[in-house]
Each structure stands twice: as C-alpha cells, then as structure tokens.
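Comments concern the structure below.
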Amino acid sequence: MLKINEIHELIKRIDESSIDEFVYEIEGVSLKLKKNEAPAVNVTGQAQAVPAAYAPAPQAAKPEASEAAPAQEAPKQDENLHKITSPMVGTFYASSSPEAGPYVNQGSKVSENTVVCIVEAMKLFNEIEAEVKGEIVEVLVENGQLVEYGQPLFLVKAE
C-alpha cells in the first residue's frame with residue numbers, strides 16, 4: 001500500500017504533467033486520480049469512511065463578476081507575512097470535529113508545531129502545522145471548502 005507521502009508525490013507529479021487520469025491497483029486497493037475542473041480523487045478498498053458530520057455541504061452558486069457585491073479586498077501583502085499552504089488536494093477543516101472550536105482564528109499566536117487545521121484527502125485526516133512562529137493575520141479559506149495543492153490557507157505575521 002502506498003504511504004501518504006508517496007500519494008502526495010503522485011498527486012504533485014500528475015498535476016504537473018499532461019496526464020489526465022491515473023489508476024494504480026495493488027492488493028485489492030485501487031487509487032484513481034483524475035484531472036478536471038473540480039479535482040476528483042477516488043479510493044476503493046480498505047479505506048475508512050468519512051464521518052457524516054464532515055461530509056462537504058453543497059456549495060452555493062457564486063455570483064457572476066457583473067452582479068458581485070463590492071469587491072473583496074485582496075489578501076494583505078507584507079514581506080513579513082508567511083503563507084501556510086495546503087500540502088495536498090482535499091477538504092479544509094478548521095477544527096478537529098464539528099462540535100469543537102477552530103484550531104486558530106485571526107489574531108491567534110502560533111509556533112512552528114501549532115496545528116492550524118486539517119486537510120482531509122482520500123479519507124485521511126492530515127493535521128497541518130504552522131511551520132513558523134507568529135500571529136495569524138488572515139484565514140483565507142472557509143470550513144468545508146475544497147482546497148488545491150499549494151493553495152494559501154492562512155497568512156501569518158512571522159516573528
């Protein structure tokens with residue numbers, strides 16, 4: 001069975017290539033990676049189910065640019081800001097469970113090993129650490145949102 005870092009590397013390599021679909025089968029486990037507008041990752045075999053409380057909610061339609069409300073301000077730009085990015089394609093969760101409060105909020109102090117969120121990919125819940133000491137300046141994604149590999153999740157004012 002593939003290790004999580006091997007799966008991450010596969011996702012990265014496929015994302016950077018011209019391959020549209022990749023299937024890997026071993027010992028009754030099938031891993032299928034497919035590129036399209038909404039990333040789809042499908043695993044069958046010995047994976048555990050995602051708790052129903054974490055099933056992604058349907059996304060509301062986004063307004064067209066012409067009918068959009070006042071433009072959102074761009075994320076704050078500062079040379080001292082560190083971006084915490086998603087190491088994989090998956091679903092962003094701000095807390096360890098639906099009942100728990102978020103790991104961090106805007107203004108929270110973090111150290112290098114502070115868990116800031118979870119990214120669920122292929123039925124695996126991966127804790128994401130800050131990797132820098134500082135203060136959370138902005139949370140860039142919403143709970144339950146699908147995130148891409150390398151997508152910024154948080155801005156941290158590094159100390």
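Results, tabulated for the structure shown:
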| quantity | calculated |
| --- | --- |
| Number of the condition not met by residue 109 [criteria: (1) within 18 Å of the chain's Cα centre (by Cα); (2) at pLDDT 95 or above; (3) charged (D, E, K, R)] | (1) |
| Any chance residue 154 is surrounded by fewer than 18 Cβ atoms within 10 Å (Cβ to Cβ) and hydrophobic (A, V, I, L, M, F, W, C) | no |
| The range 100-145 - residue that is without any contact (Cβ under 8 Å) to a residue 24 or more places away in the chain and part of a loop (DSSP other than H, G, I, E, B) and, of those, surrounded by the most Cβ atoms within 10 Å (Cβ to Cβ) | 103 |
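The values are calculated or read from the model by the stated rules, or taken from the named source; none is laboratory data. Source: prediction; values computed, not measured. Note that we place each Cβ from the backbone using ideal geometry, even for glycine, and neighbour counts take in every protein chain shown.
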